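The values are calculated or read from the model by the stated rules, or taken from the named source; none is laboratory data. Computed from a prediction, not measured in an experiment: that's the story for all the values here. Because the Cβ atoms are built from the backbone with ideal geometry, glycine has one as well, and the counts that use them run over all protein chains shown.
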Amino acid sequence: MIDDEYLTDTPEDVVSSEESYRIIKSWPLNGYYFRNQGDVLDCQVTLGDWGVASWADNHLTEFIQPLALRAPEVLIGAPWNTTTDLWNLGAVVLEVFRAVRMFSGEEEDGTYTVQHHLQEMVAFFGAFPSSFLARGNQELVGHLFSDDGAVKDARAFDLPPLMDDAWMGGPELLDPKDRENFVSFLNFMMKIDPSERPTIMDLLRHPWLNAITQDEDGKDEKDEKDEKGEPEADHDRDSPQEGDISESTREEASLS
């Protein structure tokens, strides 16, 4: 509905000599869909939060993402790309599952500080590698980190590990194996250094999703079937099917 109606009324605006981008104007949904006094109960709406979205190849700003969901590279002023979305995904998956925020960045008095936000990241996923810090804004990195890579002025605090009931809930929500796989999935996806984050295909192979299974030799079963010459599924369809996802997914515009 958004794509078929709302976006068709939005003119295309060229902001680059090489590529054209469509600028989405700010317009409350109720002012668009219900301007003719339509019944809200008869309307299906898909909401999309584009407030801090940007293109991977045409940065509108370097400070993308909602504050509590900002990836390490954004906080230290390092280059970012579509891998930054994986950090968002990990934090949001936990929030959807348990209605708890992985990060707040809030000090004891409730005020947000970057230092505390960084310290939360370190508590969950380990220290910031020196090679990664070297890619950040050095003035900002020098302000936030000491020479040994520790976060400056970070207060001591106790943060339960992700495996703890505080994050995962009681055993009635996830059995031990599912809990282990879920936490493994988060750790796999939310690497401090974005260059170490997995590809989309790697995520699909993870036991938590198990969307692509592998044989004993580590080959995707679908690939093995194709090599044997077995008939493929009917590809005469519009919607993407299993196997359509490729490594080029990384090249798509970031919607962080």
task = Taking the residues in the stretch 139-193 that are polar (S, T, N, Q) and without any contact (Cβ under 8 Å) to a residue 60 or more places away in the chain as candidates, determine which candidate is farthest from Pro207 (Cα to Cα).
result = Ser146
inquiry  = Taking the conditions exactly as written (aromatic (Phe, Trp, Tyr) and modelled with pLDDT of 90 or more), does Phe125 satisfy them or not?
reply    = yes
key: In the stretch 128-173, the residues that are modelled with pLDDT of 95 or more and touching a Lys or Arg at 6+ places or on another chain (Cβ under 8 Å)   = none
ask   = What helices (runs of 4 or more DSSP H) lie completely within the stretch 47-127 and have 3 or more residues being in contact with a Gly (Cβ under 8 Å, 6 or more places away or on another chain)?
value = 114-125
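Yes or no, residue by residue, for (1) surrounded by fewer than 16 Cβ atoms within 10 Å (Cβ to Cβ); (2) modelled with pLDDT of 70 or more:
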position	(1), (2)
Asp175	yes, yes
Arg179	no, yes
Glu196	yes, yes
Thr213	yes, yes
Asp223	yes, no
Lys228	yes, no
Asp236	yes, no
Ser246	yes, no
Glu251	yes, no
message = Considering only residues that are assigned to a loop (DSSP other than H, G, I, E, B) and farther than 27 Å from Ala134 by Cβ, which ones fall in the stretch 160-202?
response = Pro160, Pro161, Leu162, Met163, Asp164, Gly169, Gly170, Pro171, Glu172, Leu173, Leu174, Asp175
request  = Could you tell me which of the residues Glu120, Glu95, Glu139, Glu107 is surrounded by 19 or more Cβ atoms within 10 Å (Cβ to Cβ), acidic (Asp, Glu) and assigned by TED's automatic domain parsing to the domain that holds Leu203?
outcome  = Glu120
